[in-house]
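Each remark here refers to the structure printed beneath this line.
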Ligand code: MLT
Ligand code: MN
Ligand code: ZN
């Protein structure tokens with residue numbers, strides 16, 4: 001399976017248009033010291049030609065240029081066979097509307113996420129005014145085969161597992177499954193990837209599932225729980241926003257570093273997170289714990 005990190009920043013991107021926090025300043029003034037990043041999304045494929053997206057970011061148009069160039073004969077070519085959603089947040093779903101020229105799209109998500117994009121954000125009906133959008137419900141804990149848009153099997157499966165978090169601010173209900181970890185598996189080779197860009201807590205059940213994957217892509221939003229409070233950007237701590245911080249005793253770095261996954265990479269990194277600075281002490285701590293800070297364009301073969 002091929003996996004490409006199309007974007008590795010949290011909502012707003014890096015640097016964020018209205019932000020002059022210390023890390024955004026570095027990214028603007030000396031981008032070689034803190035590489036700019038687009039909003040979090042991945043692409044995965046078994047054949048390197050037909051791709052599925054993990055979330056569809058508002059940066060999708062430029063992100064798709066990172067896919068290998070296809071040998072296109074006709075006048076139209078849609079490289080995206082399906083979009084798997086881990087939640088219904090705007091930074092993960094607005095890209096669906098931006099793919100409306102695709103005529104036939106496929107969206108794969110839990111019933112809770114499908115309800116929010118149908119009724120609350122209305123991303124689904126807005127897109128459906130332009131394109132046919134097939135929806136595939138993935139009940140929590142059920143292994144679902146991923147099919148291409150023409151109905152043939154891709155050889156990949158998906159399983160969603162609910163994780164702690166808060167539902168989008170615009171969601172009218174707080175249903176289980178509003179935020180999930182996506183477990184992607186290549187049924188031919190057995191290779192597996194967990195895509196978890198939003199996660200508000202790491203319990204033993206989730207940790208033991210994450211331990212079994214080859215490639216772990218995990219929520220790297222914040223370094224500390226009080227990151228936005230200290231910068232006076234927000235009065236909500238990281239955990240209240242549904243993101244477990246990297247540092248500290250219950251932080252993701254301590255809990256994930258013992259896992260035996262072959263590769264562990266942070267993604268959905270907020271523009272305030274000091275790990276974005278290449279030479280920071282926080283970056284060195286991540287790397288010495290055997291993890292990596294994701295960058296746009298990183299590629300994995302698993
Ligand atoms: C999140 O990751 O918590 C959300 O995307 C927040 C947001 O961008 O509104
Ligand atoms: Mn987000
Ligand atoms: Zn910033």
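The values are calculated or read from the model by the stated rules, or taken from the named source; none is laboratory data. Note that the coordinates shown come from a computational prediction; the quantities given were computed from them, not determined experimentally. Reconstructed Cβ throughout: ideal geometry from the backbone, glycine too, with neighbour counts over all protein chains shown.
Within the stretch 1-34, the set of residues being closer than 24 Å to residue 264 by Cβ, part of a loop (DSSP other than H, G, I, E, B) and within 16 Å of ligand 1 (Cβ to nearest atom) comprises 8, 10, 11, 13.
Within the stretch 138-177, the set of residues being assigned to a loop (DSSP other than H, G, I, E, B), within 16 Å of residue 93 (Cβ to Cβ) and touching a strand residue (DSSP E or B) at 6+ places or on another chain (Cβ under 6 Å) comprises 138, 165, 177.
Is it true that residue 247 is at pLDDT 95 or above and either within 18 Å of residue 168 (Cα to Cα) or within 16 Å of ligand 3 (Cβ to nearest atom) (or both)? No: the conditions fail for residue 247.
Kindly evaluate residue 129 against the criterion of being over 15 Å from residue 213 (Cβ atoms) and exposed (fewer than 12 other Cβ atoms within 10 Å of the Cβ). Yes. For the stretch 246-294, the set of residues classified as within 16 Å of ligand 2 (Cβ to nearest atom), in a loop (DSSP other than H, G, I, E, B) and in contact with a strand residue (DSSP E or B) (Cβ under 8 Å, 6 or more places away or on another chain) consists of 246, 268, 270, 271, 294, listed by residue number.
Beta carbons closer than 6 Å, at least 6 apart along the sequence or on distinct chains, pair a first residue in the stretch 267-282 that is without any contact (Cβ under 8 Å) to a residue 60 or more places away in the chain with a second that is more than 13 Å from ligand 1 (Cβ to nearest atom) and in a loop (DSSP other than H, G, I, E, B) for 282/223. Among the residues examined, residue 275 qualifies as under 21 Å from residue 225 (Cβ atoms) and within 15 Å of ligand 3 (Cβ to nearest atom). For the stretch 37-137, the helices (runs of 4 or more DSSP H) that sit wholly inside it and include 1 or more residues that are within 16 Å of ligand 2 (Cβ to nearest atom), within 21 Å of residue 179 (Cβ to Cβ) and touching a helix residue (DSSP H, G or I) at 6+ places or on another chain (Cβ under 8 Å) are 60-63, 90-98, 123-128. Tell me whether the stretch 162-177 contains one or more residues that are closer than 18 Å to residue 301 by Cα and out of contact with any helix residue (DSSP H, G or I) (no Cβ under 7 Å at 6 or more places or on another chain). Looking for residues that are closer than 18 Å to residue 301 by Cα and out of contact with any helix residue (DSSP H, G or I) (no Cβ under 7 Å at 6 or more places or on another chain), one finds none in the stretch 162-177, hence no.
Here the stretch 217-235 is the region considered, the condition is being away from ligand 3 (no atom under 16 Å from the Cβ) and assigned to a loop (DSSP other than H, G, I, E, B), and the residue that is nearest to residue 169 (Cα to Cα) is 235.
Residue by residue, here is whether (1) over 21 Å from residue 289 (Cα atoms); (2) within 20 Å of the chain's Cα centre (by Cα); (3) touching a residue at least 24 places away in the same chain (Cβ under 8 Å) holds:
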site	(1), (2), (3)
167	yes, yes, yes
193	no, yes, yes
198	no, yes, yes
207	no, yes, yes
218	no, yes, yes
235	yes, no, no
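Residues that are buried (at least 20 other Cβ atoms within 10 Å of the Cβ) and either within 16 Å of ligand 1 (Cβ to nearest atom) or at pLDDT 95 or above (or both) do not occur anywhere in the stretch 65-79. If the condition is being within 16 Å of ligand 1 (Cβ to nearest atom) and either over 30 Å from residue 174 (Cβ atoms) or surrounded by 24 or more Cβ atoms within 10 Å (Cβ to Cβ) (or both), then the stretch 49-59 contributes 54, 55, 56, 57. Of everything in the stretch 80-105, what is surrounded by fewer than 18 Cβ atoms within 10 Å (Cβ to Cβ) and in contact with a strand residue (DSSP E or B) (Cβ under 6 Å, 6 or more places away or on another chain)? Give them in sequence order. Residue satisfying the conditions is 104 alone.
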